[in-house]
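Data first, discussion second: the structure below is written as structure tokens.
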């Protein structure tokens, strides 16, 4: 942190060596650096170039917002808020309602979180608190590896391994024992909301568990020692000493996972079935905000069609931004007091 | 306890069976979670290796796709196309990202810096499909057709925030004394920043760049309507270009067994590309001066 103070005046400016008190030999060695000319101008130019790079990040986000808003104006004018409450998506008759996509995105993401959160927190607890020391780093590395697999490969695996598995074994069993809930009925295609939820769960586990690990390590060691000294078992120590203190950050990790699940495109597109319908059963095919763009954007004929797809994108953009900001704030509330990760 | 000097006798208060049981149960559940998470990982890699190596052959690496129904053919143009698009993306994104990172660490302790930091984080969370829409609007619509440039631009936008934040973090690790030593010798600020500060942090910055690279190398969604894909060779910047992830996607959802096999082989090649670059990162980082700094 201390070196941030570099921006302070006096250090930054050029400091001409009016009276070189250096030995002749070393002066010769530094000659190339001293000969740089009037560094005042060079410094100014360098600053401007670097500032330009920095501002380009702002400009990019500005461009994204501008593009999304101007290009979706047509659809906004045609449908207004009804766009998000209409459930008819009929490009032939120029009728566009995004409700099935909103529904699909929410249901698949919630399903993913229901499956992923207990697993991710379990993994984080095991790695930080229970695992033997030698196993800690390899386990962390391997779970992070899940995050490095491209989503198209998840999709490929889901199509050829997960979906047949669901169709043959999991869905018939669910239908038989839990069919009465209404969530698991209809023909077991394999492909559908359930498959999308499961593949999303696998994809968000590493994100949630790495944030959870981070906030758990931010809990001071003394906290653990204090609880243990009171005679707690290891699990009681984890529950009262660690998880309770880290819960805001863990919630942040979960919400970050939600943001990732909402924006995830390829793997979902490949297994969700891509049908703009709202069905109660998780066996039924669905559609999400991201996957409708992926499937239909390059084939969209007609301005209103394209504009509607971009409005879907705008909605997705706004939702993920809000979700990510909430998540970052929550993680920050836990890790802010954390010393530089030196002896944590 | 009548004893006036109660000596702590821990054994006297045995942990109840219930608490001991809960402790074991929690450990068991956490271990189960680890296994349940590692299971799909193992399954994915097993299938990738098994199916991928089974379908990999010389033709796959050297030929372009054959029309539907004809056996054989490969993804040579898609592999080259991916490398090509990634080169364009790196050329556009790496200097901008590093520059923005320098700004944040050396000049960014103010409102502007905070705003850039915040927007970089926002940009990092934007779904990749939306980056695709924007690149479509900015490049494809203006050029009039899909192109390698549009794909590269989309991936570059995705690389920038990662590189920016990594560069900032790495430059802040360089001790102030190093900078002050340079100033003390009369070196100007720009020269210090480039030749001393950035140089010292080189390996860390490279790590950041490679992380960003690995992250976008497998991206499919932003390429769908920018690079678009191509059945033939293409080296023109303004023409549709094949890319490995796109080819895997279109083959995976096709109804042909031959194409499914090729999709697996393509996925294997893609993973190998990414693993090789990540390994290169690890080697570069372990040799660097900032070893273990992060």
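Mean-square fluctuation check for chain B, GNM, Cα pairs under 10 Å: which of B:76, B:33, B:153 is largest?
Largest GNM mean-square fluctuation: B:33.
Per residue and in cubic angstrom, what volume does the convex hull of the Cα atoms of the stretch A:226-344 have?
On the way: hull volume 20.6 nm³, N = 119.
Expressed per residue, the convex hull around the Cα atoms of the stretch A:226-344 is 173 Å³.
D for chain B, whole µm²/s, Stokes-Einstein with Kirkwood Rh over alpha-carbon pairs at 4 °C and 1.567 mPa s: what number? Present the calculation step by step, with values, prior to reporting the outcome.
On the way: Rh = 22.6 Å.
D, rounded to a whole number, is 57 µm²/s.
I need A:280, B:189, B:66, A:71 ordered by Cβ neighbour count within 10 Å, fewest first.
Numbers: A:280 11, B:189 26, B:66 16, A:71 22.
With the fewest neighbours first, A:280, B:189, B:66, A:71 line up as A:280, B:66, A:71, B:189.
Which residue fluctuates most in the GNM of chain A (Cα springs below 10 Å): A:141, A:47, A:184?
Fluctuation is largest for A:47.
If you rank B:18, A:235 by fewest surrounding Cβ atoms within 10 Å, what's the result? Each step should come with its number before you reach the end.
Working: B:18 8, A:235 22.
Neighbour counts put them in this order, fewest first: B:18, A:235.
I'd like the FRET efficiency for residue B:276 and residue A:248, computed as 1/(1 + (r/R0)^6) with the beta carbon distance as r and R0 of 30 Å, rounded to 0.05. Provide the component values of the computation, followed by the final result.
Numbers: r = 39 Å, r/R0 = 1.31.
Efficiency at R0 = 30 Å is approximately 0.15.
Compute the convex hull volume of the Cα atoms of the stretch A:202-259, divide it by the residue count, and report the result per residue in Å³ as a whole number. Write out the running numbers ahead of the final one.
On the way: hull volume 3.8 nm³, N = 58.
Hull volume normalised by residue count: 65 Å³.
What's log10 of I(q)/I(0) for the stretch A:82-335 at q = 0.13 Å⁻¹, Debye sum over Cα points only, no solvent?
Evaluating at q = 0.13 Å⁻¹ gives log10 I(q)/I(0) of -0.88.
Do you know the relative contact order of the stretch A:246-344, to the nearest whole percent, from alpha carbon pairs under 8 angstrom that are 6+ apart?
Numbers: 92 pairs, mean separation 42.5, N = 99.
Value for the stretch A:246-344: 43 percent.
To make sure I understand, if each residue's beta carbon is the centre and we count other beta carbons within 10 Å, what order do B:257, A:303, A:43 fall in, fewest to most? List each step's numbers first, then the result.
Numbers: B:257 8, A:303 12, A:43 19.
Arranged by neighbour count, lowest to highest, B:257, A:303, A:43 become B:257, A:303, A:43.
As a check on your grasp of the helix formula, calculate [θ] at 222 nm for chain B: sum -39500 (n - 2.57) over DSSP H runs of n ≥ 4, divide by the residue count, round to the nearest 500. Let's see the in-between values first.
Details: 10 runs with 185 residues, N = 294.
Computed ellipticity for chain B at 222 nm equals -21500 deg cm²/dmol.
What number, rounded to the nearest 500 deg cm²/dmol, is the helix-based mean residue ellipticity at 222 nm of chain A, given -39500 (n - 2.57) per DSSP H run of at least four residues and division by all its residues?
Values: 13 runs with 211 residues, N = 344.
Taking each H run of at least 4 residues, the total per residue is -20500 deg cm²/dmol.
Using 10 Å bins from zero, what percent of all Cα-Cα pairs in the stretch B:197-275 falls into each bin?
All Cα pairs, binned at 10 Å, distribute as 17, 37, 28, 13, 4, 1 percent.
To the nearest 10 degrees, how steeply does helix A:133-148 sit against the main Cα axis of chain A, on a 0 to 90 scale?
That helix lies at roughly 70 degrees to the long axis.
Would you mind getting me the FRET efficiency between residue B:32 and residue A:81? Use the beta-carbon distance for r and R0 = 30 Å, nearest 0.05. If you can, show how the numbers build up before the last one.
Values: r = 46 Å, r/R0 = 1.53.
E between residue B:32 and residue A:81, to the nearest 0.05, is 0.05.
So for the stretch B:110-208, averaging the separation of alpha carbon pairs under 8 Å that are six or more residues apart and normalising by length, what relative contact order in percent results? List each step's numbers first, then the result.
Details: 56 pairs, mean separation 26.9, N = 99.
This gives 27 percent for the stretch B:110-208.
Over chain A, what is the relative contact order in percent, taking alpha-carbon pairs closer than 8 angstrom and at least six residues apart?
Relative CO of chain A lands at 24 percent.
Among rounded, prolate and oblate, which fits the protein assembly as shown when a ≥ b ≥ c are the square roots of the eigenvalues of its C-alpha gyration tensor, a/c under 1.5 means rounded, and a/b larger than b/c means prolate? List each step's numbers first, then the result.
Working: a/c = 1.76, a/b = 1.10, b/c = 1.59.
The shape class here is oblate.
Kindly state, to the nearest 0.05, the FRET efficiency for residue A:41 paired with residue A:148, given R0 = 60 Å and r defined as their beta-carbon distance.
Details: r = 45 Å, r/R0 = 0.75.
Calculated value: 0.85.
Top mean-square fluctuation among B:21, B:72, B:132, Gaussian network model of chain B, C-alpha springs under 10 Å?
Top of the fluctuation ranking is B:21.
Readers should treat all values here as calculations from the given coordinates under stated rules, not as data from a laboratory. All of these numbers come straight from a predicted model, not from anything done at the bench. Glycine gets a Cβ as well: all are built from the backbone with ideal geometry, and neighbour counts include every protein chain shown.
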